[in-house]
Amino acid sequence: MKLLASTASPYARKVRIVLAEKKIECELQPVDVSPVDNPVNAHNPLGKIPTLVLDDGTALYDSRVIVEFLDNASPISRLIPEDVRDRVAVRRWEALADGVLDAGLLARYESLRDKRERSKDWSDKQLARMRRGCEQMSKDLEGRAWCHGGRYSLADIALGCCLGWLGFRQPGDVNWHAAYPGLARQYQKLMERPAFADTAPIAPK
Ligand code: GSF
């Protein structure tokens, strides 16, 4: 089994953390997805990472499908609850954290365009989305040790990957750590886990 990934991708980090928490061995293949023709296309028509290639050649994407597969592949450290209501709550957290990331990536891509081609309205829309998302996550976490059900789960992993990337890339030049101290504290706590500390985002060489 091999994971096509990059050290900067927050969605790939989610999968790498799940692999580590569940003690599943997996080869990591760093790939650059910026060129139109990239090595991921042969496995995933969307050309996106993370993509997990199983030993029989089956490719799994996207990160949400991969983490579900991995959580069921081993009983060690269950990260997605079995109970439907709990599972839905955890997956909603994941959808929210991933959604904030999606908006952050769009804002970042926009900021990398030539100044004359950038749309302020488009960027502002993404920033507002990120802000509302962080606001909600901050509110939902208030007074809790973990995102859902009093225990560490995929929800915390998704939140941590989102916050880690926001701190790393700073889309929109917003200082998220200062704006949401509760979230910043939670990220510090998550970083005490080896699975998080070992996967902190790094810009690819
Ligand atoms: C998002 C993957 C994604 O956008 C998931 O796996 O959860 N919903 C998907 N990956 C980016 C890399 S990154 O910024 O994490 C990607 O592969 N982009 C390539 C492109 O051409 O958009």
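Coordinate-derived values only; no laboratory data. Keep in mind the model is a prediction, meaning the values are calculated, not measured. A quick note on method: Cβ atoms are made from the backbone with ideal geometry, for glycine too, and the neighbour counts reach across all protein chains shown.
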Any hit, segment 45-68, residues being assigned to a helix (DSSP H, G or I), of a type in the set (D, E, K, R) and under 18 Å from the mean Cα position of the chain (by Cα): yes
Single residue of Asp140, Asp156 found to be among the charged types (D, E, K, R), under 27 Å from Val33 (Cβ atoms) and not in a loop (DSSP other than H, G, I, E, B): Asp156
Test: residue in segment 106-120 that is of a type in the set (S, T, N, Q), in contact with a strand residue (DSSP E or B) (Cβ under 6 Å, 6 or more places away or on another chain) and surrounded by 13 or more Cβ atoms within 10 Å (Cβ to Cβ): no
Check on Ser77, over 16 Å from Gly160 (Cβ atoms), surrounded by fewer than 21 Cβ atoms within 10 Å (Cβ to Cβ) and among the small types (Gly, Ala, Ser): no
Criterion violated by Asp124 - all others in (1) surrounded by 22 or more Cβ atoms within 10 Å (Cβ to Cβ); (2) more than 17 Å from the chain's Cα centre (by Cα); (3) of a type in the set (Asp, Glu) satisfied: (1)
Count of residues meeting criterion [more than 19 Å from the chain's Cα centre (by Cα) and either near the ligand (Cβ under 10 Å from one of its atoms) or not in a helix (DSSP H, G or I) (or both)] in segment 82-99: 2
Enumeration of residues in segment 132-170 that are charged (D, E, K, R) and either under 10 Å from the mean Cα position of the chain (by Cα) or crowded, with 23+ Cβ neighbours inside 10 Å (or both): Asp156
When residues of segment 112-121 are limited to those that are in a helix (DSSP H, G or I) and more than 14 Å from the ligand (Cβ to nearest atom), the one nearest to Lys48 (Cα to Cα): Glu117
Segment 177-205: number of residues that are of a type in the set (Lys, Arg) and buried (at least 16 other Cβ atoms within 10 Å of the Cβ): 1
Within segment 1-30, considering residues that are closer than 19 Å to Arg108 by Cβ and in a loop (DSSP other than H, G, I, E, B), the one farthest from the ligand (Cβ to nearest atom): Thr7
Residues of segment 54-79 that turn out to be farther than 19 Å from Leu141 by Cβ and either of a type in the set (S, T, N, Q) or within 16 Å of the ligand (Cβ to nearest atom) (or both), as a count: 17
